[in-house]
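In what follows, a single structure is set out as structure tokens and then discussed.
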């Protein structure tokens with residue numbers, strides 16, 4: 001029952017059409033783990049959800065392979081660092 005609640009809440013918080021719009025810009029580059037990490041971080045920031053929730057939603061929608069065991073939690077650190085460097 002918990003997995004059902006997680007899928008429902010992810011669908012409510014991160015609608016497929018909105019995720020598709022965000023992911024469309026880097027769909028061709030998703031073989032690169034850094035590009036996937038940046039997409040996860042962008043999704044997390046855009047919808048104000050955890051990195052894990054964003055990763056799970058992208059897996060559910062097929063943007064990241066379900067057997068991908070990469071830890072994308074470093075993605076938020078990359079985005080934070082980029083903000084510091086860019087200013």
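In table form, for the structure just shown:
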| read-out | value |
| --- | --- |
| Helix axis angle, 2-13 relative to the chain longest principal axis, alpha carbon, degrees | 60 degrees |
| Label selected from (i) 35; (ii) 23; (iii) 30, the criterion being percent of Cα pairs over 20 Å apart as computed here | (iii) |
| Crossing angle, helix 51-60 versus the chain [Cα axis fit, 0-90 degrees, rounded to tens] | 60 degrees |
| Shape call, the stretch 1-42: gyration tensor on alpha carbons, a/c limit 1.5 | prolate |
| Sorted by Cβ neighbour density within 10 Å, fewest at the top, the residues 36, 24, 57 | 24, 36, 57 |
| Helix-derived mean residue ellipticity, 222 nm - over the chain, DSSP H n ≥ 4, -39500 (n - 2.57), to 500 | -21000 deg cm²/dmol |
| Relative contact order [Cα under 8 Å, 6+ residues apart], the chain, whole percent | 27 percent |
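Just so you know, all these numbers are worked out from the coordinates, no wet-lab data involved. Note that the structure is a prediction, hence the values are computed from the model and not measured. No Cβ is skipped: glycine too gets one built from the backbone with ideal geometry, and neighbour counts run over all protein chains shown.
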